[in-house]
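Take a look at the structure below.
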Amino acid sequence: MKTLILLLLLPLTSFAKFGKPELLARLNDRGAWNAPDNMWCFTSEPAILAGKVYLGCMDEKGRSMVQWANGFKIIARAEGEHLFSNPVASFGKVTWYEYNEFNAQKSFELKETLKVTDIRNLGPLSMAGDNLLPYSSDAWIFRLKSDSPELWIWKKDEVIPFFNPGAAFIYTPYIGGDGSIVIKTREGNYNETSPDRLWHYANGSWKVILEDTDANAQSPWKNIRHQMSVDGDKVVALATDAKSEALLLIEKGVVKIIARAGKDDVARFDYFAPKMQAGVIAIRGEDFEGRKVLYVHDKDGFRRLLTQGDIVHTDIGLGRVHYSNQDAIFYGAPGVDEKGNVYQQATLTDADHPRTLLGIGLVKFLKE
């Protein structure tokens, strides 16, 4: 009865155009559901392809790549203390790479079967290369960190120069499902007052799509974050002007403000990349009551999808999105699949007893 009264009185998040949260897995030290005990995935973010969800996880045996598709399955394990990158869904496959503190070691491609390739023949680039991303069906791009930062292509054990913007630094590249790319560069030096630009790659060419005021005095944007998302000719980015930080949709040279911190029901945006696919944008933030919120934007506008305090049905009863540490309410960036469904990891406690931890839930919102 107590929980029923809470459900009747609590103003839950509106799930218009999306189904209510569906629990795909519950991770816990013991009594986990749809995953082994003591397996944790909070350092990763989900990639989704053809209804299958992929996360980089860890347990007492080390790092692994796991899959949820009508159950739980370990796809691959990293060697020793090596790490896995976040999985990426593009070109009809899921890809990731294994690395250590020095360089990338192996690439992984999962389509019908798993293909593992030793990363070799990079020569002097091997010690300065990172951020491998699929560039085509049989090639990868990687970032070269050196006196002249560049992007290179690695294909069939050969390396080919890909993009040299003449900048002092290239931030982490982001890739869309069709191979479109967006990166941020900083010219001159690492100082915050150095010029920043966003570059978009699609249809075989690079274009500058956004500049800060240091790069272009006519630009209203004082600062551009390096967390972004790209889907074909659309790019989502975060930038700050004289008013506040804003979530931007950039398409064919037109910059549109989707939401602005300090209004639009969002006090601030979390420091995690927004995600975009199938016309849906998902981003983490915080509302004016200090609660963590997962926001979405689509043709019906910008609104909250999951809020700290919301109820999720679990395998062992009602759970509440809650935790004593505010920074551990949500984990990682959200995921958006090719149908516009949204995924997020969130900490769950018993709905009636907030000190009773149920674990971390992998939650899905079905786009209706």
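Computed from the coordinates by the stated procedures, all read-outs in this text should not be read as laboratory data. Quick caveat: nothing in here was measured; it's all calculated off a predicted structure. Backbone-built Cβ (ideal geometry, glycine too); neighbour counts: all protein chains shown.
The figures follow:
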{"read-out": "Among K243, K299, K106: highest mean-square fluctuation, GNM of the chain, C-alpha pairs under 10 Å", "value": "K299"}
{"read-out": "Highest to lowest packing among 192-198, 244-250, 343-349, scored as the average C-beta count within 10 Å", "value": "343-349, 244-250, 192-198"}
{"read-out": "Per-residue ³J(HN,Hα) for region 356-368, Karplus 6.51 cos²θ - 1.76 cosθ + 1.60, θ = phi - 60°, Hz, x for Gly and Pro", "value": "8, 7, 8, x, 9, x, 8, 10, 10, 10, 7, 6, 9"}
{"read-out": "Highest to lowest packing among 301-313, 350-362, 153-165, scored as the average C-beta count within 10 Å", "value": "301-313, 350-362, 153-165"}
{"read-out": "³J(HN,Hα), Karplus 6.51/-1.76/1.60, whole Hz, each residue of region 192-200, x for Gly, Pro", "value": "4, 7, 6, x, 10, 9, 9, 10, 10"}
{"read-out": "Sites D118 and T172 - FRET efficiency at Förster radius 25 Å, r taken between beta-carbons, to 0.05", "value": "0.60"}
{"read-out": "Eligible aspartates and glutamates near K339 by straight Cα distance, threshold 17 Å, same-chain separation 8 or greater", "value": "E22, D178, D231, D298, D300, E368"}
{"read-out": "Of A50, G19, N38, farthest towards positive along the dipole that unit charges on Lys, Arg, Asp, Glu beta carbons give region 18-57", "value": "G19"}
{"read-out": "Cα centre as origin, Lys/Arg/Asp/Glu Cβ charges: the chain dipole, Debye", "value": "680 debye"}
{"read-out": "Per-residue [θ]222 nm for the chain (sum of -39500 (n - 2.57) over DSSP H runs n ≥ 4, rounded to 500)", "value": "-500 deg cm²/dmol"}
{"read-out": "Förster radius 41 Å - calculated FRET efficiency between V208 and K339 (Cβ-Cβ, nearest 0.05)", "value": "0.80"}
{"read-out": "Listed pairs K184/K222; K243/K292; K93/K252; K184/K207; K234/K275 exceeding 20 Å between Cα atoms", "value": "K243/K292; K93/K252"}
{"read-out": "Distance between modelled label sites at L83 and Q218, nm, 7 Å Cα→Cβ extension", "value": "4.2 nm"}
{"read-out": "Label-point separation, T43 to E187 (7 Å along Cα→Cβ), nm", "value": "3.7 nm"}
{"read-out": "For region 282-347 and region 130-185, distance of Cα centres in Å", "value": "32 Å"}
{"read-out": "Cβ-based charge dipole, the chain, positive-most Cα from I160, Y331, S205", "value": "Y331"}
{"read-out": "Simple label model, 7 Å out from Cα along Cβ direction - N164 to Q326, nm", "value": "4.7 nm"}
{"read-out": "Highest-fluctuation residue, K115, K73, K275 considered, GNM on the chain with Cα pairs under 10 Å", "value": "K115"}
{"read-out": "Cβ-placed point charges (K, R +1; D, E -1), dipole of region 179-268 about Cα centre in debye, nearest 20", "value": "120 debye"}
{"read-out": "Relative contact order [Cα under 8 Å, 6+ residues apart], region 46-164, whole percent", "value": "13 percent"}
